[in-house]
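The values are calculated or read from the model by the stated rules, or taken from the named source; none is laboratory data. The model shown is predicted, which means the values in this text are computed figures rather than measured ones. Quick reminder, even Gly has a Cβ in these numbers, built from the backbone with ideal geometry, and neighbours come from all protein chains shown. Each accessible area value is taken on the protein alone, full model and side chains, heavy atoms only, with ligands, DNA and RNA left out. Shrake-Rupley method; radii C 1.70, N 1.55, O 1.52, S 1.80 Å.
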Amino acid sequence: NAGVTQTPKFQVLKTGQSMTLQCAQDMNHNSMYWYRQDPGMGLRLIYYSASEGTTDKGEVPNGYNVSRLNKREFSLRLESAAPSQTSVYFCAVEPGTGDDEQFFGPGTRLTVL
Amino acid sequence: AQSVTQLDSHVSVSEGTPVLLRCNYSSSYSPSLFWYVQHPNKGLQLLLKYTSAATLVKGINGFEAEFKKSETSFHLTKPSAHMSDAAEYFCVVSSGGSYIPTFGRGTSLIVHP
């Protein structure tokens, strides 16, 4: 079992370019999350999907959109990348209670020039 | 509302000596509390969790934490540090089925030989 996978692992963009980060899980969990990690800031929630068919904003949603494609997949899109979006992005999954253990992917390191 | 404060951004210990990483929280509901570990360039992994059962929680790799409601604390301890414990540690609070956990800013554990 792969658990939680993320693609790509690394990406460099120019300001204004767009891209989609992909997350997939084989854990059959209901809830999926996107975080960004910046030095000294911990992890901050961008968007989450409590269950298939629903998405909600987290703490820092501006500049991002998400799609819960099916139960397994949850994508994060940057429509017009900005240098402030340079970060490491993590996808996580959780059984579906809203306050249980989360399982994290390996991360995507994004640099916006 | 909920919040979490990790009281030390860096903790330095010698191999074989005890480890103490401090975490204080606030929550309007009965909280679920977690400690995660992140090794360099990796995703986060659960060390242990408290979900209103025993107040002394044992986790992986010899770590444990004690939930103290009167002090609103959930400090992480280990009797004897190992070089492989060097990593970033995050305290997380979640409550009320909110789907929005709050992460502390992290404590970097440095282990000297």
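By average Cβ neighbour count within 10 Å, what is the ranking of B:53-61, A:94-102 from highest down?
Values: B:53-61: 12.2, A:94-102: 18.7.
Result, highest mean first: A:94-102, B:53-61.
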Per-residue mean of other chain beta-carbon atoms within 10 angstrom of the beta-carbon, peptide B:42-49?
-> 4
Count charges around A:Arg68 for me, please; just the other residues with Cβ under 15 Å from its Cβ, Lys/Arg as +1, Asp/Glu as -1.
-> 0
Tell me the Kirkwood hydrodynamic radius of chain B in angstroms, computed as one over the mean inverse distance between distinct C-alpha pairs.
-> 14.1
Please give the average number of partner chain Cβ atoms lying within 10 Å of the Cβ of each residue in A:32-42, rounded to a whole number.
-> 3
List the accessible area buried at the contact between B and A, summed over both sides and calculated with a 1.4 Å probe, in Å² to the nearest 100.
-> 1800
How large is the convex hull of the Cα atoms of the protein assembly as shown per residue, expressed in Å³ as a whole number?
-> 120
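According to the Kirkwood expression over distinct Cα-Cα pairs, how big is the hydrodynamic radius of chain A, in Å?
The answer is 13.9 Å.
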Scoring only Lys, Arg, Asp and Glu (+1, +1, -1, -1) among other residues with Cβ under 15 Å from the Cβ of B:Glu15 yields 0
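With a sphere of radius 13 Å drawn around the Cβ of A:Arg109, what net charge do the other residues whose Cβ falls strictly inside it have (Lys, Arg +1; Asp, Glu -1)?
+2
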Dimensions of the stretch B:6-54 along principal axes (Cα, Å, largest first)?
-> 37, 22, 21
Given springs between every Cα pair under 10 Å in a Gaussian network model of chain B, which of B:Tyr29, B:Tyr50, B:Tyr99 has the largest fluctuation?
-> B:Tyr99
Just order B:69-80, A:8-19 by mean Cβ neighbour count inside 10 Å, highest at the front, would you?
-> B:69-80, A:8-19
With +1 on the Cβ of every Lys and Arg and -1 on the Cβ of every Asp and Glu, the dipole magnitude of the stretch A:37-113 about its Cα centre, in debye rounded to the nearest 20, is 300
In the stretch A:78-113, which residues become less accessible by 10 Å² or more once every protein chain is in place, relative to the chain on its own, using a 1.4 Å probe?
-> A:Phe90, A:Gly96, A:Thr97, A:Gly98, A:Asp99, A:Asp100, A:Glu101, A:Gln102, A:Phe104, A:Pro106, A:Arg109
